[in-house]
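Trainee: Here it is, the structure, as structure tokens.
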Amino acid sequence: MKKIIFISFSLLCLAILASCGKNATTQTSADYNISSFETALDNGEDLTDKTVVFNIEKTSHNILSGNYSLLAGNDNNLAFKSKKDPKVAKNDIVILKVKSTSGSSGKYNISYSDLSEIKKMDDVSIVHKKMDQKKLALNITDDQVADEDGKVKIKGSTSLPNTQVTIGMGIIGDSTTSDSKGDFILSYDMLNSLKTDSIKVTASIGDKKVTKTITLKQNQKIIESYEASVASAASKEKESKAANTTSATQEKKEPTPPAIQITFAELMDKLNSNQLVDGEIYTFTADVVSKSGKSYPVYSTDNLSNQFVRLADPNKISSNAPFYANPTDVLIAINSSSVTPTFITKIVNMTSYDDNEGAYPTFLITSINGKELNTSGFKAK
């Protein structure tokens, strides 16, 4: 009898234990919930091998890519993707491990592994229940100096990693992304600047954006080289002027016809309509630029080693022509004058210029801002 009672008691204990086992829950941990996970993404943190628990808002399958997507977050802006069918549905609670992340501006794609279902969110212990949004800051040194090639390596850092950094409008070659530590280097060309340049550097990630204006300085050796070339040109001009004065006293000059006042656009119209005549002299203000896409202004030489400057109408870049002159004289006028320079040019040979763009009348610049130039070295065909 006692044996029967003992066996019955043992069976009762086992039944009670089994019942307790059915009602017990296993506590699971995750690094993030969906809210703190999204904030960590916006902060640019590396979430590789981190775990996140969330309620599935929507599922989808892209036949072309083969990706199965689990959507969550505000406006389903987080897409957890895998080539393997997770066999879960909307409103299921899952916990998974992050393999990689991509995207910006609040839209992210997340590759994952090790997915498992959770019955209740309360069964999960979350390490980071709430994350603070980090502010974006741009740290960059002012007064950076160009090297001897006229290039500046702009070094700086951003408070958030993987942040896009651009110069000005961010054209090709003028943008980069800060590394995992927030460090970045940008290259800027100052070859066309004599002293300093002020530029805007912008850092942006997601909906965060910050801009800072910095000053870049030209390399001192480049400045000294330019100043030496200007001084040399001035010295040669002085010597040439003295020689011309002596020569003028020895021989009688032919009278020079008066210069015709004209705008640069009108001069180009005469060129394009073949209305120019040898010996005509024109004076115009040089509200002109270089050929589109090149530095200011464009200098070159023809097949007779004559130097010329290619100028264009700023309102019609396609309307342009070469003007023969010492490039240094033009550079001094453009960079040193407080007013728009005035040029006097003479038509000296209708077919002496010939380059890969065809034949032109020759515009020989004889005066800049009222100062006569030495044109004795010009060679005509």
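What follows is calculated from the coordinates using simple rules that are stated; it is not laboratory data. Note that the structure is predicted; figures quoted are calculated from it, not measured. We place every Cβ from the backbone using ideal geometry, glycine too, and count neighbours over all the protein chains shown.
Trainee: Across the stretch 128-135, in residue order, what do the Karplus-derived ³J(HN,Hα) couplings come to in whole Hz, using 6.51 cos²θ - 1.76 cosθ + 1.60 with θ = phi - 60° and x for Gly and Pro?
Mentor: Calculated HN-Hα couplings, in order: 10, 6, 9, 10, 8, 5, 7, 7 Hz.
Trainee: Okay, next question. List every residue whose amide H lies under 5 Å from the amide H of residue 112, counting only residues 5 or more places away in sequence or on a different chain, with H placed 1.01 Å from N in the peptide plane.
Mentor: 81, 99
Trainee: Once amide H atoms are placed 1.01 Å from N in the peptide plane, what residues at a sequence separation of 5 or more from residue 137, or on another chain, have their amide H within under 5 Å of its amide H?
Mentor: 159, 160
Trainee: What's the FRET efficiency of residue 266 with residue 303 using the Cβ-Cβ distance as r and R₀ = 25 Å, to the nearest 0.05?
Mentor: E between residue 266 and residue 303, to the nearest 0.05, is 0.25.
Trainee: Give the order of 37, 363, 80 when sorted by the count of other beta carbons within 10 angstrom, beginning with the fewest.
Mentor: 363, 80, 37
Trainee: Could you list 107, 87 so that the one with the fewest beta carbons within 10 Å of its beta carbon is first and the one with the most is last?
Mentor: So the ranking, lowest neighbour count to highest, is 87, 107.
Trainee: Right, another one. If only Cα atoms are counted, what is the Rg of the stretch 138-218, and what is its Dmax, in Å?
Mentor: Gyration radius and largest Cα-Cα distance of the stretch 138-218: 12.3, 39 Å.
Trainee: Estimate the FRET efficiency between residue 114 and residue 137 by the formula 1/(1 + (r/R0)^6), using the beta-carbon distance for r and 35 Å for R0, to the nearest 0.05.
Mentor: Result of the calculation: an efficiency of 0.45.
Trainee: Quick check on the stretch 25-128: take the gyration tensor over C-alpha atoms, sort the square-rooted eigenvalues as a ≥ b ≥ c, and tell me if it's rounded (a/c under 1.5), prolate or oblate.
Mentor: Judged from the Cα gyration tensor, the stretch 25-128 comes out oblate (a/c at least 1.5, b/c at or above a/b).
Trainee: Amide H to amide H under 5 Å from residue 154: which residues, 5+ apart in sequence or cross-chain, H placed 1.01 Å off N in plane?
Mentor: 186, 187, 188
Trainee: So, counting K/R as plus one and D/E as minus one, what does the shell of residues with Cβ under 13 Å around residue 152 add up to?
Mentor: -4
Trainee: Where does each of 280, 227, 266 land when they are ranked from fewest to most other beta-carbon atoms within 10 angstrom?
Mentor: Lowest to highest Cβ neighbour count: 227, 266, 280.
Trainee: Right, next: What FRET efficiency do you get for residue 123 and residue 148 if R0 is 45 Å and r is their Cβ-Cβ distance, rounded to the nearest 0.05?
Mentor: Approximately 0.10, to the nearest 0.05.
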